[in-house]
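Notes for the one structure printed next.
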Amino acid sequence: MEQLNILKLDPDVKLNKHEIVRSPLFYVGDKYKLMPQLKELFPRNIRNYYDVFCGGGSASINVDAKAYYMNDIDSNIISLHSHLQKNSPEIEKFIERMYALIKGYGLSHSEISVDEKLEELKEEYKKTYFSKYNKESYLKLREDYNKDLKNIDLLYLLLIYGFNHMIRFNQKGKFNLPVGNLDWNKNVTESLINYSDWVNSHRAIFLHNMDFEAFVDSKNIKTNDFVYFDPPYLITFSDYNKLWNEKEEKRLYDLLDKLDAQGIKWGLSNMLNHKDKFNEILYTWASKYNIYSIKSNYISRFDNTIKTDSKEVYITNYEKGRT
């Protein structure tokens, strides 16, 4: 098998992590930690930015563009973005509502205080003390949300206190994620304020809930626009990967080839190998494009150990520094 020419970032480039802000959705697969590297590889002077698999939106929040088009197949993710954007002009009132709900349900709130009971649980349960403290309150919160699925305030609170900040519904359409070992801390409040600052300073943010190919085909994308793809990784494990298979993977690559033929710049995040798995489809397809190595500490929700045998890559149809 032919060896791929995988490029690396210039070692002299200093990546400023302090300039990167995180999405308040804390979504699985979020690109927050990788954005210092990705921003160095993204084009400059982007007119319209298309985030095809936007997830939590950290990639969009950290990109400079005239307009933003955020898409995700998960309608709940788009509902959360829409809700936060509507509340952004008065984000302090939204945060106050969250504080009141936290207090009303009796959930822990480490940003404000840590009570004696939580301290005791922390001594006994070193890694799961938040989940022990919040379990009953969380279940009541979940029950109330399942009675009123239109209450996005409650869904956001479930996202913060749920297992690994995930969103999961059963076949009956009920939210069924268990409590997590997490609570509302200062990082949550800070991320909401940063998100609202981004929304308030960029009027042209458009949300879509579509299949990735249908979304791209519906837009009149021009050569001075940029399309970013962060799909589910074929060879890793996550709940959203259940919607992804080899057929979808090939459909994505056909779409990228079509965009390339039209002279439209795009970037793709993906993973070549992970543990004992190797993405041969990606390997074969990617050889005609520019491939950059991305340093990442990939952690699966199924296994919290850092995967040093995983190779994450960023693939483009343009050369860095020539856009």
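The values are calculated or read from the model by the stated rules, or taken from the named source; none is laboratory data. Here the structure is a predicted model, which means the values were calculated and not measured. Glycine also receives a Cβ, built like all others from the backbone with ideal geometry; neighbour counts cover every protein chain displayed.
What pairs can you find where one residue is in region 141-155 and assigned by TED's automatic domain parsing to the domain that holds Tyr99, the other is among the basic types (Lys, Arg), and their Cβ atoms are less than 8 Å apart, with a gap of 6+ or different chains?
Sorted first by the residue in region 141-155, then by its partner, the pairs are Asn146/Lys174; Asp153/Arg97.
Select from region 154-184 the residues that are more than 17 Å from Asp74 (Cβ to Cβ) and surrounded by fewer than 15 Cβ atoms within 10 Å (Cβ to Cβ) and list them in ascending order.
Within region 154-184, Lys172, Pro178 meet the criteria.
Give region 20-33 a look and list any residue that's of a type in the set (A, V, I, L, M, F, W, C) and within 11 Å of the chain's Cα centre (by Cα), or say none.
Narrowing region 20-33 to residues of a type in the set (A, V, I, L, M, F, W, C): 20-21, 25-26, 28.
Once the filter is applied, which keeps residues that are of a type in the set (A, V, I, L, M, F, W, C) and within 11 Å of the chain's Cα centre (by Cα), region 20-33 yields Leu25, Phe26, Val28.
Is region 236-251 home to any residue that is exposed (fewer than 13 other Cβ atoms within 10 Å of the Cβ), in the same structural domain as Val21 (by TED's automatic domain parsing) and touching a strand residue (DSSP E or B) at 6+ places or on another chain (Cβ under 9 Å)?
no
Which members of region 209-226 meet the condition of being surrounded by 18 or more Cβ atoms within 10 Å (Cβ to Cβ) and hydrophobic (A, V, I, L, M, F, W, C)?
Selection gives Phe212, Phe215, Val216, Ile221, Phe226.
Looking for something assigned to a helix (DSSP H, G or I), in contact with a Ser or Thr (Cβ under 7 Å, 6 or more places away or on another chain), at pLDDT 80 or above and not β-branched (Val, Ile, Thr) - is there at least one such residue anywhere in region 46-64?
The first filter runs over region 46-64 and keeps only residues assigned to a helix (DSSP H, G or I), leaving 58-61.
Now drop any that are not in contact with a Ser or Thr (Cβ under 7 Å, 6 or more places away or on another chain), which leaves 58, 61.
Filter once more, keeping what is at pLDDT 80 or above: 58, 61.
Those still in the list that are not β-branched (Val, Ile, Thr) too: 58.
Yes, region 46-64 has at least one match.
Listed here are the residues, each with its yes/no results for (1) polar (S, T, N, Q); (2) not assigned by TED's automatic domain parsing to the domain that holds Asn290.
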position: Met35; (1), (2): no, no
position: Glu40; (1), (2): no, no
position: Val52; (1), (2): no, no
position: Gly55; (1), (2): no, no
position: Ser60; (1), (2): yes, no
position: Ala65; (1), (2): no, no
position: Gln85; (1), (2): yes, yes
position: Ser88; (1), (2): yes, yes
position: Lys93; (1), (2): no, yes
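Test Arg168 against the stated conditions and say whether it is modelled with pLDDT under 95 and either in the same structural domain as Asn87 (by TED's automatic domain parsing) or among the β-branched types (Val, Ile, Thr) (or both).
Values: modelled with pLDDT under 95: yes; either in the same structural domain as Asn87 (by TED's automatic domain parsing) or among the β-branched types (Val, Ile, Thr) (or both): yes.
So Arg168 passes the test.
Filter region 34-61 down to the residues that are farther than 21 Å from Phe215 by Cβ and not charged (D, E, K, R), then identify the one that is farthest from the chain's Cα centre (by Cα). It would help to see each step written out before you state the result.
Filtering region 34-61 down to residues farther than 21 Å from Phe215 by Cβ leaves 34-37, 39-41, 44-45.
From the residues that got through so far, the ones that are not charged (D, E, K, R) too are 34-37, 41, 45.
Numbers: Leu34: 11, Met35: 11, Pro36: 15, Gln37: 16, Leu41: 18, Asn45: 23 Å.
Among them, the one singled out is Asn45.
Just give me the residues in region 141-156 being part of a helix (DSSP H, G or I) and more than 18 Å from Leu118 (Cβ to Cβ), in sequence order.
To start, the set of residues in region 141-156 that are part of a helix (DSSP H, G or I) comprises 141-147, 152-156.
Scanning region 141-156 gives Arg142, Glu143, Asp144, Tyr145, Asn146, Lys147, Ile152, Asp153, Leu154, Leu155, Tyr156.
Would you mind finding the one in Phe206, Phe229 that is surrounded by 14 or more Cβ atoms within 10 Å (Cβ to Cβ) and touching a residue at least 24 places away in the same chain (Cβ under 8 Å)? Break it down stepwise before answering.
Details: Phe206 fails: surrounded by 14 or more Cβ atoms within 10 Å (Cβ to Cβ).
Of Phe206, Phe229, the one residue that is surrounded by 14 or more Cβ atoms within 10 Å (Cβ to Cβ) and touching a residue at least 24 places away in the same chain (Cβ under 8 Å) is Phe229.
Among the listed residues Ile102, Ile77, Ile95, identify the single one that is assigned to a helix (DSSP H, G or I), at pLDDT 95 or above and farther than 26 Å from Asn170 by Cα. Steps first, answer last, please.
Details: Ile102 fails: farther than 26 Å from Asn170 by Cα; Ile77 fails: farther than 26 Å from Asn170 by Cα.
The match here is Ile95.
Looking at region 279-292, which of the residues that are without any contact (Cβ under 8 Å) to a residue 12 or more places away in the chain and in a helix (DSSP H, G or I) is nearest to Tyr233 (Cα to Cα)? Break it down stepwise before answering.
Kept after step one, since they are without any contact (Cβ under 8 Å) to a residue 12 or more places away in the chain, are these residues of region 279-292: 280, 284, 288.
Cutting the leftovers down to in a helix (DSSP H, G or I) gives us 280, 284.
Details: Glu280: 13, Thr284: 16 Å.
Residue satisfying both the conditions and the ranking: Glu280.
In the set Glu2, Glu40, which member is assigned to a loop (DSSP other than H, G, I, E, B), at pLDDT below 95 and either of a type in the set (D, E, K, R) or surrounded by 15 or more Cβ atoms within 10 Å (Cβ to Cβ) (or both)? Give the derivation first.
Details: Glu40 fails: assigned to a loop (DSSP other than H, G, I, E, B).
Within the list Glu2, Glu40, the selection yields Glu2.
I'm trying to understand the selection: among the residues of region 268-289, which are under 20 Å from Leu38 (Cβ atoms) and aliphatic (A, V, I, L, M)?
Leu268, Met271, Leu272, Leu282, Ala286 - these are the residues of region 268-289 that are under 20 Å from Leu38 (Cβ atoms) and aliphatic (A, V, I, L, M).
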